[in-house]
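Every number here is computed from the coordinates shown, using simple stated rules; none is lab data. A quick note: this is a predicted structure, and the numbers were derived from the prediction, not measured. Note: ideal-geometry Cβ built from the backbone for every residue, glycine included; neighbour counts use all protein chains shown.
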Ligand code: GH3
Ligand code: MG
């Protein structure tokens, strides 16, 4: 980039910052800004920016607006800001997103204690369009596993470290149940290491040095196998009740019954209360036992014609054919009381669990399943709000639907980056029922001092590595030391040159990182993945 371009971009950045400080921009000032850009840009070889500025200048006359808020201005000139970003060389040559739009993006969980190796692998596997999560802290693997729901796990460990084997042993049951393939990458190729890996449940084994293309093909094969199995299965692997895929089939059947027999039926959503605490206090295996027991209990307590579905995580659905809402309520109430008396044993300790439920009566044959699910979900939310361990009947929805709130903080000292990331977030498709509250911060200190995020809501932090006053790593360290730190998910923006920073970020438990320069599409993809998992 030549000197003039550098200077030009610096001025755009400075102007944005000034406007952010005052919050409002007058018509004359905006006009002057566009005028100066239109004049300079073309001269220094940024023709596209020049043309855009000229166009905006012409449109401006028709708007007759004397005062603009900084948000309005940013929206108005967004294309210019984006072009500035692209002209700064923020385009990553190595990352080509393949496989987009072909259903769910495969998720690869990469585990190891050699951060340089992790970084290298993440970059290479990322070029396949896979969503790769690198984890360097062995103790974080289990929660990442449950939250990110990977399709394949790649474990690398040096033979001196026992982490790899321990991890394999710990996850083995779970991996087997869900047909998640595991690949071991080892420093040595001794027969003993290979045998032990396979014996502990690894599906594949590669010793260093290996050929990256071969690794990719082998992972690809495992992913295809997983996809095929997923398509074939209608039962949930852990609890052995039906899964979401089967739900669609039953729904179609029940809907056709409505049309034929004019008899309504009921759908109930059941969600275990404070289930996260069960995992935290007694471990994930105990959590799994509760889920299995809950599913068994639901089957036992319902009629043969009723259907039990594990909808995901700790959420189950019950379908009661030919049943009106009063009867369904009585059944769920009975199950609720009975289940709250079931005792679970974990070592010396005993504990019990409760659930909340939202129920809806389905009496129309022409609505999509999602409509009823949303109604039941609203009722469930109301039950949770009212104190949990209770049943709530859904009301036909005229009222404002409930929305889960996720806070998103952008901590970056660059005004261009702040504008661009805010725009990505505003345009990115939300999950149903989720609302984002986006704030940006110019430095780490103003972020950590802000009371805005100091509550109990989930918060995604998009954190620049290099910041004035307190750098990104220090902010990450601060976040991880907070009580309830797990509600913060952190995506670090780091420079490709600073391997040490990436290593440190991974060690400190950043949930993801992306190296600058990156493609906007890539950043968008990563943010979406993270938010999908937070909703
Ligand atoms: P609430 O009363 O509001 O529903 O709180 P909660 O803690 O039940 O809900 P939250 O959604 O915060 O946590 C659900 C947890 O369930 C988080 C996730 O790690 C865990 N989980 C999801 N699937 C599984 C699983 O298959 N096994 C185990 N053990 N835990 C799981
Ligand atoms: Mg729950």
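Rounded to 0.05, the FRET efficiency of the residue 326 and residue 14 pair, given R0 = 56 Å and the Cβ-Cβ distance, is 0.25. Calculated [222 nm] ellipticity per residue, helices only, for the chain: -16000 deg cm²/dmol; basis is -39500 (n - 2.57) per DSSP H run with n ≥ 4, divided by all residues, nearest 500. Is the C-alpha gyration tensor of the chain telling us rounded, prolate or oblate? Criteria: a/c under 1.5 is rounded; beyond that, a/b larger than b/c is prolate, otherwise oblate. The shape class here is oblate.
Relative to the longest principal axis of the Cα atoms of the chain, the long axis of helix 369-385 lies at roughly 90 degrees.
Once a ≥ b ≥ c are taken as the square roots of the eigenvalues of the Cα gyration tensor of segment 314-446, is the result rounded (a/c under 1.5), prolate (a/b larger than b/c) or oblate (a/b not larger than b/c)? Note, shape of segment 314-446 comes out oblate. For a Förster distance of 25 Å, can you work out the FRET efficiency between the beta-carbons of residue 36 and residue 438, rounded to the nearest 0.05? The formula returns an efficiency of 0.25 here.
Against the main long axis of the alpha-carbon atoms of the chain, helix 78-87 sits at an angle near 80°. Taking a ≥ b ≥ c as the square roots of the eigenvalues of the Cα gyration tensor, an a/c ratio of 1.5 or more together with a/b no larger than b/c marks segment 449-535 as oblate. The separation of segment 500-515 from segment 284-326, counted between C-alpha centres, amounts to 40 Å. The angle between the Cα long axis of helix 284-301 and the main principal axis of the chain comes to about 50°, on a 0 to 90 degree scale. Centre-to-centre separation between the Cα atoms of segment 341-397 and those of segment 432-465: 30 Å. Between residue 24 and residue 445, the FRET efficiency estimated from the beta carbon spacing at R0 = 25 angstrom works out to 0.50.
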